Amino acid sequence: MKVALEDLYQQLIMDHGRRPRNFRVLQDATHHLEGYNPLCGDRFTVYLKIADGRVADVSFQGSGCAISTASASLMTEAVKGKTEDEVEKLFEAFHAVVTGKRAPDAASLGKLAAFAGVAAYPVRVKCATLPWHTLKGALAGSKQPVSTE
Ligand code: ZN
């Protein structure tokens, strides 16, 4: 069972790495920010449209490795429709799992639990969290590009 679940997670990451969802410029974005991971060369811009305190729409553009691209893609699916507080809580839960501080919990993380395996590869943690740090900076209204270094 364990192997089957890991296979499923790997397929999910590969699928989103190859065919990222919400990969476009959001023309009517209320927030956007660039994020950069110099260690790997991942560079993305995250676009957000906030309406009534919720993520009405979210997208990203740029280029990066399969892990960062898949993470950005799954992130956009996960945060759409959520309030800023919910996004913050989801990021905290995701961060705890990819850094190995907490066991993956599919009930609260959904598909994002697929990144639990990243905890075994510290260099990859920055790839997986870059889109989230960028999203968080955009939400905070930051104009300074986010860098993982
Ligand atoms: Zn990367």
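The values are calculated or read from the model by the stated rules, or taken from the named source; none is laboratory data. All figures in this text were calculated on a predicted structure; none of them were measured in a lab. So basically every Cβ, Gly included, is an ideal-geometry build from the backbone, and we count neighbours across all protein chains shown. Accessible surface is based on the protein model in full, side chains and every heavy atom, while ligands, DNA and RNA are left aside. Shrake-Rupley method; radii C 1.70, N 1.55, O 1.52, S 1.80 Å.
Key figures for this structure:
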{"item": "Any hit, the range 67-81, residues being in contact with a Gly (Cβ under 6 Å, 6 or more places away or on another chain) and either open to solvent by less than 10 Å² (accessible area, probe 1.4 Å) or in a strand (DSSP E or B) (or both)", "result": "yes"}
{"item": "Verdict on A96 being aliphatic (A, V, I, L, M), surrounded by 14 or more Cβ atoms within 10 Å (Cβ to Cβ), free of Cβ contacts under 8 Å to residues at least 24 places away in the same chain and out of contact with any Phe, Trp or Tyr (no Cβ under 6 Å at 6 or more places or on another chain)", "result": "yes"}
{"item": "In the range 13-60, the residues that are within 14 Å of the ligand (Cβ to nearest atom), free of Cβ contacts under 8 Å to residues at least 40 places away in the same chain and either open to solvent by less than 50 Å² (accessible area, probe 1.4 Å) or of a type in the set (A, V, I, L, M, F, W, C) (or both)", "result": "G41"}
{"item": "Any hit, the range 102-120, residues being in contact with a helix residue (DSSP H, G or I) (Cβ under 8 Å, 6 or more places away or on another chain) and within 15 Å of C40 (Cα to Cα)", "result": "yes"}
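Every residue, every condition in (1) outside any helix (DSSP H, G or I); (2) away from the ligand (no atom under 13 Å from the Cβ), yes or no:
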residue: A103; (1), (2): yes, yes
residue: S108; (1), (2): no, yes
residue: L112; (1), (2): no, yes
residue: A116; (1), (2): no, yes
residue: K126; (1), (2): no, no
residue: A138; (1), (2): no, yes
residue: S142; (1), (2): yes, yes
